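The structure appears right after this line, and notes come after that.
The values are calculated or read from the model by the stated rules, or taken from the named source; none is laboratory data. As the structure is a prediction and not an experimental result, all values here were calculated from the model. Using ideal geometry, Cβ is built from the backbone for each residue, glycine included, and neighbour counts are taken over all protein chains shown.
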Amino acid sequence: MNNNSASLAEYRRKLRSKRIMLGVCLCILLAAAAVWRIAQGEWNIPLARVAELLSPSLPESERTAPEAIVVRLVRLPRFLAAVGTGGLLAVSGAVLQGVLVNPLAEPYTLGIAAGAAFGGALGFFFGSLAVMPMAFMGALAALWLVNMIAWKGGGGSSAYIVLAGIVTNAILSAGVTFLKAIADDKLGAIVLWLMGSLAGAAPLSAAMVWVGSAIVLVPAFILGRQLDAVSLGEGRGEALGVDERKLRLVLLCSSSIASALAVSYFGIIGFVGLVTPHILRLLIGPSHRQLLAFSFLAGGTLLAVADGAAQWLGELPVGVVTALVGGPFFCWILVSGRRTAK
Amino acid sequence: MNDIFTFDSMSSGYGDKTVLKKLSGVIKAGKITALIGPNGSGKSTLLRTLCGFSRYSGKLALKGREVSSITRKEFGRSVGVVSQQVNVKLSFPVYEVISFGRLPYHGLLTPVSPQDDEVISAAAEAAGVTHLLFRRIDELSGGERQRVLFAMALAQQPEIFLLDEPTSALDPSQSVRVFSVLRRLADKGRSIVVAAHDINISIPFSDEYIAIRDGSITACGSSRELKEDVLEPLYGTKFERYVSSKGETAWHPLKDSRHC
């Protein structure tokens, strides 16, 4: 082994230790968030009792006790839904920024949010049960429309995909505005749903966002090195033997379907998917395998904490909290990062 | 087989625009072939078509196989491409950018091995970027980036190199370094096609030349035999030829009263 190879190996060792440290810190933060979100609330239940209530060996007779219902069917699903949704949005953001070679891409770039909003708003006219499936169908319809425009117009190039997403967003947003204008007594419910909230999380919806996370995380992790090559831009992935069109199609569809699941259950929660990958790139670099794993942890933790804050402030829309707290924090990181670089 | 690429009545372009018009010719194996011609003549389009990036009509074969039937993975293993763009969108460390050259040899979950590290460091050394290995690529100058991207292609260890203006951002000494590496590779049997505006560097290092103007081949042959009778109609300007004490030829474009 020559000197360069030895220093490469040493550099990788240091990088690995740095990543392990960050992973441990994020796990500790997530665990602290779990304790806060599951043990604390209007009904203070001691931590030891919470542990008992969460135990799989809890006797059947105790499972219907009010405190067991609060912990097992209200607080735990809400926490898990927040972690799953935050993780899913952050991973989708990282994937889309990489695959579209565009730092401004986020889970809603491809018109998913506008499609879900339009479908969901339409669903309110058919009764509240129709909202979730119609939102999901709306998101998928928007995805189909974007893909059709992009592939027919520009052969699936990333610039065309982003442009098609902007156009689809504009059309469907106008549709949402129209539905709000004719909604009469349903207007309040539509506006509240559009703002996004985890307050109604149930075990099924929490499980579904974790399924959504797996839908995007597993293929993106497996294709991580190829995604790295594509994210170099200028067709370098193709030159390195990657079928960029196929990779783009697989990852755009998986991240969009996952985002559509999250939006249809919990509404539009902005900011997490855009900013979490940027913050992590500053800390651990742009390699996608690490970025995806840390994005899931950091996005999940961020949304769990933000949801706690939103609940504490009287059930504010959680997207408002993520943007209000995370925005200035991100600005600070950008400014201090630039100063350090200078 | 002595020809690495053969093309017959091949046309290619972008969208509805045809840039290359029914080209026929060959690229010889184990040689450096210089593509020369004015801006917009079709040199980059020819390189893009040879590496399977652009659609074409007519016949184009790589070692006897139609290019359109070759998968991207197969291309990645046999063809290294250096484009004239030096922008890299994300701030990867230099060693990682070079390590992407090993991607065609890896399975989806294969990690970078110690053998890959040997190849990466050898590529970095050949391209003169060893001292930059742990810097972020977005912090580097255009010339340094160009050398890093050249090192990435070297780490690919392909049989064929297709290079589009690989020295456009380099100083004379680094340009000579890059062409010397290409010369050594060709002497070891690699086939190299390089488009470069600076004929005074590309021609002395190359074995063959192909002159392209308005999407058509106007001349081709041995680089040693290139004369002003090819260059002057190709570029539409007069050239004066100089021969150094070492016997190397250089051309100087003369002032053109139409441009003054």
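All conditions in (1) acidic (Asp, Glu); (2) surrounded by fewer than 17 Cβ atoms within 10 Å (Cβ to Cβ); (3) under 27 Å from residue A:227 (Cβ atoms) hold for residue A:106, with the sole exception of (2). Of all the numbered requirements in (1) within 14 Å of chain B (Cβ to nearest Cβ); (2) more than 25 Å from residue A:267 (Cα to Cα), residue A:95 misses one, and that requirement is (2). Checked against (1) under 30 Å from residue B:216 (Cα atoms); (2) surrounded by fewer than 18 Cβ atoms within 10 Å (Cβ to Cβ); (3) among the aliphatic types (A, V, I, L, M), residue B:47 passes all but condition (2).
Do the conditions hold for residue B:205, that is, is it closer than 30 Å to residue B:112 by Cα, surrounded by 20 or more Cβ atoms within 10 Å (Cβ to Cβ), in contact (Cβ under 8 Å) with a residue 12 or more places away in the chain and hydrophobic (A, V, I, L, M, F, W, C)?
Working: closer than 30 Å to residue B:112 by Cα: no; surrounded by 20 or more Cβ atoms within 10 Å (Cβ to Cβ): yes; in contact (Cβ under 8 Å) with a residue 12 or more places away in the chain: yes; hydrophobic (A, V, I, L, M, F, W, C): yes.
No, not satisfied.
Somewhere in segment B:113-121, is a residue surrounded by fewer than 24 Cβ atoms within 10 Å (Cβ to Cβ), within 9 Å of chain A (Cβ to nearest Cβ) and among the β-branched types (Val, Ile, Thr)? No, segment B:113-121 contains no residue that is surrounded by fewer than 24 Cβ atoms within 10 Å (Cβ to Cβ), within 9 Å of chain A (Cβ to nearest Cβ) and among the β-branched types (Val, Ile, Thr). Number of residues in segment A:278-295 that are among the polar types (S, T, N, Q) and assigned to a helix (DSSP H, G or I) equals 2. Any residue at all in segment B:7-26 that's among the basic types (Lys, Arg), assigned to a loop (DSSP other than H, G, I, E, B), over 27 Å from residue B:144 (Cβ atoms) and in contact with a strand residue (DSSP E or B) (Cβ under 7 Å, 6 or more places away or on another chain)? For segment B:7-26, residues among the basic types (Lys, Arg), assigned to a loop (DSSP other than H, G, I, E, B), over 27 Å from residue B:144 (Cβ atoms) and in contact with a strand residue (DSSP E or B) (Cβ under 7 Å, 6 or more places away or on another chain): absent. The condition of being part of a helix (DSSP H, G or I) and modelled with pLDDT of 90 or more holds for only one of A:24, A:50, that being A:24. Among residues of segment A:238-250 being more than 9 Å from chain B (Cβ to nearest Cβ) and under 23 Å from residue B:137 (Cβ atoms), the one that is modelled with the lowest pLDDT is A:248. For residue B:98, only one of the following conditions fails: (1) under 24 Å from residue A:100 (Cβ atoms); (2) surrounded by 17 or more Cβ atoms within 10 Å (Cβ to Cβ); (3) in contact (Cβ under 8 Å) with a residue 12 or more places away in the chain. What is its number? Just one mismatch for residue B:98, condition (1). Can you give me the number of residues within segment B:67-85 that are within 9 Å of chain A (Cβ to nearest Cβ) and either more than 13 Å from residue A:229 (Cβ to Cβ) or surrounded by 18 or more Cβ atoms within 10 Å (Cβ to Cβ) (or both)? So the count comes out to 12.
Only residues that are not polar (S, T, N, Q) and not in a helix (DSSP H, G or I) were counted in segment B:81-122, giving 14.
Can you find, within segment A:291-316, the residue that is farthest from residue A:227 (Cα to Cα) among those that are buried (at least 18 other Cβ atoms within 10 Å of the Cβ) and more than 16 Å from the chain's Cα centre (by Cα)? Before you say what the answer is, go through the steps one by one.
Our first condition is that a residue be buried (at least 18 other Cβ atoms within 10 Å of the Cβ); within segment A:291-316, this holds for A:291-308, A:310-311.
Subsequent filtering for residues that are more than 16 Å from the chain's Cα centre (by Cα) retains A:308, A:310-311.
Values: A:308: 34, A:310: 35, A:311: 37 Å.
Ranking the qualifying residues of segment A:291-316, first place goes to A:311.
Of the conditions (1) within 21 Å of residue A:299 (Cβ to Cβ); (2) at pLDDT 90 or above; (3) not β-branched (Val, Ile, Thr), residue A:119 clears all except one; give me its number. Result: residue A:119 fails condition (1) only.
If you go through segment A:202-236 and keep only what is more than 14 Å from chain B (Cβ to nearest Cβ) and modelled with pLDDT under 90, you end up with nothing. Being of a type outside the set (Val, Ile, Thr) and within 9 Å of chain A (Cβ to nearest Cβ) is the filter; apply it to segment B:122-133 and report the residue that is farthest from the chain's Cα centre (by Cα). Ranking the qualifying residues of segment B:122-133, first place goes to B:133.
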